[in-house]
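Let me begin by presenting the structure, written as structure tokens, before commenting on it.
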Amino acid sequence: MKILVINAGSSSIKYQLIDMEKEELIAKGLVEKIGLNDSQITHKANGKATEIKQRLNDHAEGLDLVLKVLVDKEIGVIKSLDEISAIGHRILHGGGKYNKAVVINDEVIKDLKSYIPLGPLHMPANILGIEACQKVMKSKINVGVFDTAFHATMPEYAYMYATPYEWCEKYGVRKYGFHGTSHEFIANELARVLNKDIKQLKIISCHLGNGASLCAVQNGKCVDTSMGFTPLEGLVMGTRCGDIDPAVVEYMVDKTGKDVHEILKIFNKESGLYGISGISNDIRDVIKEANQGNARAKLALDKFVYSVKKYIGAYATIMGGVDAIAFSAGTGENRDDIREQIMSGLDFLGIDFDKDANRNFVRGINYKISKDSSKVAVYVIPTDEEMSIARQTKELVANN
Ligand code: AMP
């Protein structure tokens with residue numbers, strides 16, 4: 001069985017074709033700049049990358065090109081589209097309703113459209129991706145996998161904000177959490193590596209990329225996560241400020257004459273590592289500058305590390321302890337220096353961190369970075385959201 005995984009952005013489509021018998025990637029690629037004159041596709045298969053530049057007016061044309069490339073005689077990987085069993089879509093928001101993957105039908109599309117205000121950047125693109133597939137591959141099953149779904153098990157006191165109750169009831173103002181597909185994959189992979197039943201474990205999953213969030217997973221279920229109503233809440237991120245007193249909004253509106261939307265844009269796009277350091281949202285650039293004595297770059301990193309530590313402490317407390325911690329995503333998987341800083345001083349939690357193993361880690365595989373004597377197992381677990389989407393799609397197709 002082959003599953004096509006689609007992650008549609010406002011002007012892009014990321015895709016992966018996965019062989020589910022072997023759980024192996026067959027091909028992947030990216031369609032960029034849809035709607036612009038210089039739109040293009042980059043297709044990677046059999047160790048070779050191919051770039052094709054072609055004007056693509058909309059997502060349907062982009063997807064059409066993806067399918068042509070997949071069956072192309074020279075660079076293609078399948079003989080016919082019949083080989084694709086189903087399509088799994090990454091979808092940002094499942095509102096409060098979708099707590100697991102679903103086969104997409106008209107009712108689901110209607111619901112997704114009603115969630116656009118909850119994810120105005122991502123949801124229209126996600127819907128375009130689905131509609132493009134429905135148009136270009138009429139007979140295939142489309143499955144929606146939601147970034148919020150894994151967090152649907154949070155208890156009410158965790159997801160409620162202490163705002164008027166009607167705000168939640170009437171307008172859906174509450175914590176939803178994001179990166180759920182990734183946290184679910186990481187937690188399950190960690191349990192598998194430890195050879196333990198996930199239902200017996202207290203796990204803290206640290207997805208540290210440009211967007212970053214932590215998730216507390218108890219007995220296989222999310223009990224809390226750091227992102228909130230939107231992906232702005234929680235940790236310091238590449239360009240997002242994370243937790244902040246909302247009173248700053250009014251104060252800065254008064255001080256700068258900017259409107260609320262502009263201030264929120266600054267929280268989302270000009271804050272975080274970039275905002276404090278003034279250098280970059282890319283942690284590699286910030287570390288380079290900090291190592292050369294740039295005080296603001298160092299402050300940005302200190303603030304990031306501090307925010308992760310705070311959430312680890314909080315999540316260990318709410319779960320009554322922690323058995324295992326996983327680091328994942330761009331920074332979590334690749335930056336041993338940041339992992340070492342986050343783990344320093346946490347011996348009181350039962351963590352015996354293995355600095356040597358951490359420094360000598362091997363990229364791209366599950367890697368243990370705590371000592372055997374450590375009460376808390378600490379691992380680097382490379383995340384694979386696409387595989388998780390493909391697995392959930394396969395499961396639904398099998399039951400359909
Ligand atoms: P992501 O959003 O998961 O792609 O992660 C992006 C962040 O991870 C950026 O801050 C990058 O600096 C960092 N990152 C990604 N790849 C690497 C790498 N190979 N080495 C070091 N840092 C990396």
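The values are calculated or read from the model by the stated rules, or taken from the named source; none is laboratory data. Here the structure is a predicted model, which means the values were calculated and not measured. Note that each Cβ is placed from the backbone with ideal geometry, even for glycine, and that neighbours are counted across all protein chains shown.
Could you list all residues from segment 272-281 that are within 12 Å of the ligand (Cβ to nearest atom) and more than 18 Å from residue 306 (Cα to Cα)? Talk me through it step by step, then tell me what you get.
Restricting attention to segment 272-281, the residues satisfying the condition of being within 12 Å of the ligand (Cβ to nearest atom) are 272-274, 277, 279-281.
Answer for segment 272-281, where residues must be within 12 Å of the ligand (Cβ to nearest atom) and more than 18 Å from residue 306 (Cα to Cα): 279, 280.
Please name all residue pairs, on different chains or six or more residues apart, with Cβ atoms under 8 Å, provided the first residue is in segment 329-355 and is in contact (Cβ under 8 Å) with a residue 24 or more places away in the chain and the second residue is surrounded by 21 or more Cβ atoms within 10 Å (Cβ to Cβ) and of a type in the set (D, E, K, R).
Close Cβ pairs satisfying both conditions: 332/339.
What about residue 158, is it in a helix (DSSP H, G or I) and closer than 18 Å to residue 243 by Cα?
On the way: in a helix (DSSP H, G or I): yes; closer than 18 Å to residue 243 by Cα: yes.
Spelling it out, residue 158 is indeed in a helix (DSSP H, G or I) and closer than 18 Å to residue 243 by Cα.
For the condition more than 22 Å from residue 125 (Cβ to Cβ) and of a type in the set (A, V, I, L, M, F, W, C), what is the one hit in 25, 30, 36?
Numbers: 30 fails: more than 22 Å from residue 125 (Cβ to Cβ); 36 fails: more than 22 Å from residue 125 (Cβ to Cβ).
After applying the criteria, what remains is 25.
Given the criterion buried (at least 22 other Cβ atoms within 10 Å of the Cβ) and over 18 Å from the mean Cα position of the chain (by Cα), identify the matching residue among 389, 365, 342. Give the steps one after another, and end with the answer.
Details: 389 fails: over 18 Å from the mean Cα position of the chain (by Cα); 365 fails: buried (at least 22 other Cβ atoms within 10 Å of the Cβ).
The conditions single out 342.
Which count do you get for residues in segment 215-244 that are within 14 Å of the ligand (Cβ to nearest atom) and of a type in the set (A, V, I, L, M, F, W, C)? I'd like the intermediate steps shown before the answer.
Narrowing segment 215-244 to residues within 14 Å of the ligand (Cβ to nearest atom): 227, 231, 235-240.
Those left that are additionally of a type in the set (A, V, I, L, M, F, W, C): 227, 235-237.
Residues in segment 215-244 being within 14 Å of the ligand (Cβ to nearest atom) and of a type in the set (A, V, I, L, M, F, W, C): 4 in total.
On the given criteria, is residue 319 surrounded by 22 or more Cβ atoms within 10 Å (Cβ to Cβ) and closer than 25 Å to residue 218 by Cβ?
Values: surrounded by 22 or more Cβ atoms within 10 Å (Cβ to Cβ): no; closer than 25 Å to residue 218 by Cβ: yes.
Taking the combined requirement at face value, the residue does not satisfy it.
Considering only residues that are among the β-branched types (Val, Ile, Thr), within 21 Å of residue 135 (Cα to Cα) and touching a strand residue (DSSP E or B) at 6+ places or on another chain (Cβ under 9 Å), look in segment 46-78 and name the one that is surrounded by the fewest Cβ atoms within 10 Å (Cβ to Cβ). Walk me through it before giving the result.
Step one: of segment 46-78, the residues among the β-branched types (Val, Ile, Thr) are 50, 52, 66, 69, 71, 75, 77-78.
Keeping just the survivors that are within 21 Å of residue 135 (Cα to Cα) gives 66, 69, 71, 78.
Next, only the ones that are touching a strand residue (DSSP E or B) at 6+ places or on another chain (Cβ under 9 Å) stay: 66, 69, 78.
Details: 66: 24, 69: 22, 78: 17.
For segment 46-78, the residue satisfying everything is 78.
Across segment 40-64, what is the total count of residues that are at pLDDT below 95, under 16 Å from residue 6 (Cα atoms) and not charged (D, E, K, R)?
Within segment 40-64, residues that are at pLDDT below 95, under 16 Å from residue 6 (Cα atoms) and not charged (D, E, K, R) number 4.
Given segment 1-119, what strands (runs of 3 or more DSSP E) lie entirely inside it while holding 1 or more residues that are touching a Lys or Arg at 6+ places or on another chain (Cβ under 9 Å), closer than 30 Å to residue 176 by Cβ and of a type in the set (A, V, I, L, M)?
Working: elements: 2-8, 13-19, 24-32, 40-45, 48-53, 84-91.
In segment 1-119, 2-8, 13-19, 24-32, 84-91 are the strands (runs of 3 or more DSSP E) which contain 1 or more residues that are touching a Lys or Arg at 6+ places or on another chain (Cβ under 9 Å), closer than 30 Å to residue 176 by Cβ and of a type in the set (A, V, I, L, M).
Taking segment 305-346 on its own, how many of its residues are away from the ligand (no atom under 13 Å from the Cβ) and assigned to a loop (DSSP other than H, G, I, E, B)? Give the steps one after another, and end with the answer.
Here is the first cut: in segment 305-346, the ones away from the ligand (no atom under 13 Å from the Cβ) are 305-326, 340-346.
Then drop every residue that is not assigned to a loop (DSSP other than H, G, I, E, B), which leaves 319-323, 344-346.
Total satisfying the criteria: 8.
Scan segment 305-326 for residues that are in contact with a Leu (Cβ under 6 Å, 6 or more places away or on another chain) and either farther than 21 Å from residue 370 by Cβ or of a type in the set (Gly, Ala, Ser) (or both) and report the count.
Looking only at that region, the number is 4.
Out of all the residues in segment 121-159, which are within 20 Å of residue 399 (Cβ to Cβ), in contact with a Phe, Trp or Tyr (Cβ under 9 Å, 6 or more places away or on another chain) and aliphatic (A, V, I, L, M)?
Of everything in segment 121-159, those that are within 20 Å of residue 399 (Cβ to Cβ), in contact with a Phe, Trp or Tyr (Cβ under 9 Å, 6 or more places away or on another chain) and aliphatic (A, V, I, L, M) turn out to be 149, 152.
Are any of the residues in segment 134-144 in contact with a Lys or Arg (Cβ under 7 Å, 6 or more places away or on another chain) and either touching a residue at least 12 places away in the same chain (Cβ under 8 Å) or farther than 18 Å from residue 3 by Cβ (or both)? First the steps, then the outcome.
The initial filter retains those residues of segment 134-144 that are in contact with a Lys or Arg (Cβ under 7 Å, 6 or more places away or on another chain), namely none.
No, segment 134-144 contains no residue that is in contact with a Lys or Arg (Cβ under 7 Å, 6 or more places away or on another chain) and either touching a residue at least 12 places away in the same chain (Cβ under 8 Å) or farther than 18 Å from residue 3 by Cβ (or both).
Under the condition of being crowded, with 19+ Cβ neighbours inside 10 Å and over 24 Å from residue 89 (Cβ atoms), which residue from segment 175-192 is farthest from the ligand (Cβ to nearest atom)?
Filtering segment 175-192 for residues crowded, with 19+ Cβ neighbours inside 10 Å gives 175-187, 189-191.
Still in the running and over 24 Å from residue 89 (Cβ atoms): 190-191.
Values: 190: 18, 191: 22 Å.
Among those that are crowded, with 19+ Cβ neighbours inside 10 Å and over 24 Å from residue 89 (Cβ atoms), it is 191.
Restricting to segment 161-187, name every residue that is free of Cβ contacts under 8 Å to residues at least 60 places away in the same chain and among the small types (Gly, Ala, Ser).
Within segment 161-187, 162, 177, 180 meet the criteria.
Here are some residues: 288, 269, 298. Which one is over 23 Å from the mean Cα position of the chain (by Cα), more than 12 Å from the ligand (Cβ to nearest atom) and of a type in the set (Lys, Arg)?
Working: 288 fails: more than 12 Å from the ligand (Cβ to nearest atom); 269 fails: over 23 Å from the mean Cα position of the chain (by Cα).
None of the others qualify; the one that does is 298.
List pairs: first residue in segment 76-98 and within 18 Å of residue 46 (Cα to Cα) and of a type outside the set (A, V, I, L, M, F, W, C), second residue at pLDDT 95 or above and in a loop (DSSP other than H, G, I, E, B) anywhere in the structure, Cβ distance under 6 angstrom, at least six positions apart or on different chains.
Note: no pairs meet the criteria.
Working only within segment 347-385, note down all residues that are within 15 Å of the ligand (Cβ to nearest atom), modelled with pLDDT of 95 or more and assigned to a helix (DSSP H, G or I).
358, 359
Within segment 193-210, how many residues turn out to be away from the ligand (no atom under 16 Å from the Cβ) and closer than 16 Å to residue 226 by Cβ?
Within segment 193-210, residues that are away from the ligand (no atom under 16 Å from the Cβ) and closer than 16 Å to residue 226 by Cβ number 2.
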